[in-house]
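The values are calculated or read from the model by the stated rules, or taken from the named source; none is laboratory data. Because the structure is a prediction, the values reported are computed rather than measured. We place every Cβ from the backbone using ideal geometry, glycine too, and count neighbours over all the protein chains shown.
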Amino acid sequence: MMKNNLTNPFAIIDIGSNSVRCMFVSGNKRDKVTISTRLGEGLSFSNTLNKNAIDRTVKVVATLYANAIKRGAQTIYAFATAAVRNSVNGCDFTNKVKNEVGLTVDVVSGELEAELALNGAVLGGDGGVIDVGGASSEISFKKHGAKIYGYSLPWGAVKIFDAFGTDKENIFNALKGLTANYGQIPSGNYYAVGGTATSLASVDLALTEYDPNLVNGHYISINRMEEISNELFSLTPSEICAKYCVGEKRAEIIAGGSAIILSIMRYANLSGITVSENDNLEGYMLYLGGKI
């Protein structure tokens with residue numbers, strides 16, 4: 001790996017299947033911004049990224065890049081996950097980012113994506129992580145400092161929404177078969193990271209304005225997750241937006257995202273999960289050689 005200068009202010013851009021996030025780092029301070037672009041839209045029907053999705057996502061990457069430069073970032077790193085990794089034209093997206101923004105995008109493997117989320121959540125310690133994204137859902141586990149389990153399921157909240165909408169019965173029936181692909185999941189304490197998990201925490205906390213300090217470390221039992229999921233399936237996206245601090249694009253997919261997490265909890269016999277604000281952005285920072 002190349003030597004990275006992480007002494008001066010820098011930024012990391014995470015290009016996900018549903019959202020683009022940027023973490024600006026200066027000294028011990030880390031600030032995050034999230035913008036939903038739905039890059040993975042339609043990937044449940046096709047393995048090709050939609051041109052409109054590419055264009056709107058590149059535009060957001062350019063905006064986040066420019067804002068990071070204005071804030072004093074000396075270096076900006078970018079990585080992309082399942083939507084770009086699993087599409088046949090992922091290079092169209094990365095080339096467009098390179099040509100229009102001047103930024104090289106690191107397309108990470110499913111295994112590395114799981115490791116990034118794990119290391120970000122446990123910050124070098126032991127435990128497990130569930131990372132439900134837009135086009136994939138990773139589970140990984142670390143024991144005695146070593147990763148002993150990791151699997152990336154190529155289904156996430158956006159793909160579930162594209163395939164089934166908000167049809168609760170069909171979603172849970174499909175997830176019964178999909179979660180079996182995880183095989184033997186180690187028992188232990190699990191963190192949940194990513195936009196789906198943090199949105200579910202804000203729903204559980206009944207937040208009307210997002211507060212990362214309240215979300216970070218929030219525990220949700222499996223019984224409570226059942227209640228949250230049932231409520232989300234009973235509401236329209238506009239009703240979800242009106243009641244909770246969930247954005248419009250996230251509101252469309254949050255019921256399906258809750259179904260994925262709940263199905264994983266059932267399959268792995270988890271009594272609950274702890275939501276973490278620390279995720280693959282922190283994990284990528286550690287991967288670059290930084291310290292938290």
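How do the pairs read when you match residues in the stretch 194-205 that are within 12 Å of Ala251 (Cβ to Cβ) and modelled with pLDDT of 95 or more with residues anywhere that are charged (D, E, K, R) and assigned to a helix (DSSP H, G or I), using Cβ under 6 Å and keeping only pairs 6 or more apart or on different chains? Between residues of the stretch 194-205 that are within 12 Å of Ala251 (Cβ to Cβ) and modelled with pLDDT of 95 or more and residues that are charged (D, E, K, R) and assigned to a helix (DSSP H, G or I), the close pairs are Ser199/Arg250.
Identify all residues within the stretch 123-144 that are within 16 Å of Tyr191 (Cα to Cα), out of contact with any Gly (no Cβ under 7 Å at 6 or more places or on another chain), surrounded by fewer than 22 Cβ atoms within 10 Å (Cβ to Cβ) and not charged (D, E, K, R); write none if there are none. Residues satisfying the conditions are Leu123, Gly124, Gly125. Tell me whether the stretch 120-132 contains one or more residues that are touching a residue at least 60 places away in the same chain (Cβ under 8 Å), of a type in the set (D, E, K, R) and touching a helix residue (DSSP H, G or I) at 6+ places or on another chain (Cβ under 6 Å). Scanning the stretch 120-132 turns up at least one residue that is touching a residue at least 60 places away in the same chain (Cβ under 8 Å), of a type in the set (D, E, K, R) and touching a helix residue (DSSP H, G or I) at 6+ places or on another chain (Cβ under 6 Å). Among the candidates Glu226, Glu209, Glu239, the residue that is modelled with pLDDT of 95 or more and either out of contact with any helix residue (DSSP H, G or I) (no Cβ under 7 Å at 6 or more places or on another chain) or not assigned by TED's automatic domain parsing to the domain that holds Glu138 (or both) is uniquely Glu239. Of all the numbered requirements in (1) outside any helix (DSSP H, G or I); (2) free of Cβ contacts under 8 Å to residues at least 40 places away in the same chain, Asn173 misses one, and that requirement is (1).
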